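The values are calculated or read from the model by the stated rules, or taken from the named source; none is laboratory data. Values in this document were obtained by computation on a predicted structure and should not be read as measured data. Backbone-built Cβ (ideal geometry, glycine too); neighbour counts: all protein chains shown. Ligands, DNA and RNA are stripped out before the accessible areas are found, and what is left, the full protein with its side chains, is counted by its heavy atoms. Shrake-Rupley method; radii C 1.70, N 1.55, O 1.52, S 1.80 Å.
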Amino acid sequence: MSLSEDFLSRDELHPIDIVETLAEHHDWEFDRVTDDQIAMAVEGQWRTYALTLAWSPQDETLRLICTFELEPPEGKLPLLYDVLNRCNDMVWTGAFTYWEEQRLMVWRYGLVLAGGQAAGPEQIDRLIASAVMAAERFYPAFQLVGWGDKCPAEAVKVAIAEAYGRA
């Protein structure tokens, strides 16, 4: 049975309701922060990732933020930004940024659902899986630059191949 079949009997689906059902389905820890926001913890190979999905009715966008702590030595920040840009050149469905004050690596993506469009459960499930896969794929490159004394060009080579697995 597809994920969509679980939702066929409902008239209007709120995207965060779908996310909550997916979190229950995958047995992820979650907290429904508000009607329009949910926070989850998703276990990966390298670490546990904090995901927040928020629905913005004003601009009809489902926003996803996937974060993990990264505290590189202060002198490594220019190299981290270099490898971060190299990683962003290799992806199309989101982007990394580093929030220096919070010491967090962040994967961001916004799914625009303008004109009353609705995202299905498979689409949202793929959105979440893609975020975790991106974090898993590039985590070693960030580590190699921060603590392994690798230059960004060398570090990003570990992420050339797509990561396989499922969030």
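Structure data summary
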read-out: Residues (surrounded by 15 or more Cβ atoms within 10 Å (Cβ to Cβ) and more than 12 Å from V112 (Cα to Cα)) located in segment 60-75; value: I65, C66, T67, F68, L70, P72
read-out: Among (1) farther than 30 Å from L13 by Cα; (2) touching a Cys at 6+ places or on another chain (Cβ under 9 Å); (3) open to solvent by 40 Å² or more (accessible area, probe 1.4 Å) - the single one W147 does not satisfy; value: (2)
read-out: Counted residues, segment 22-59 - those being of a type in the set (S, T, Y), under 17 Å from the mean Cα position of the chain (by Cα) and open to solvent by less than 50 Å² (accessible area, probe 1.4 Å); value: 2
read-out: Wholly within segment 49-161, helices (runs of 4 or more DSSP H) carrying at least 3 residues that are free of Cβ contacts under 8 Å to residues at least 60 places away in the same chain and over 23 Å from R32 (Cβ atoms); value: 77-88, 121-147
read-out: Among the candidates A119, A167, A159, A95, residue that is among the small types (G, A, S) and at pLDDT 95 or above; value: A95
read-out: A114, sole failed condition from (1) surrounded by fewer than 18 Cβ atoms within 10 Å (Cβ to Cβ); (2) at pLDDT 95 or above; (3) over 15 Å from the mean Cα position of the chain (by Cα); value: (2)
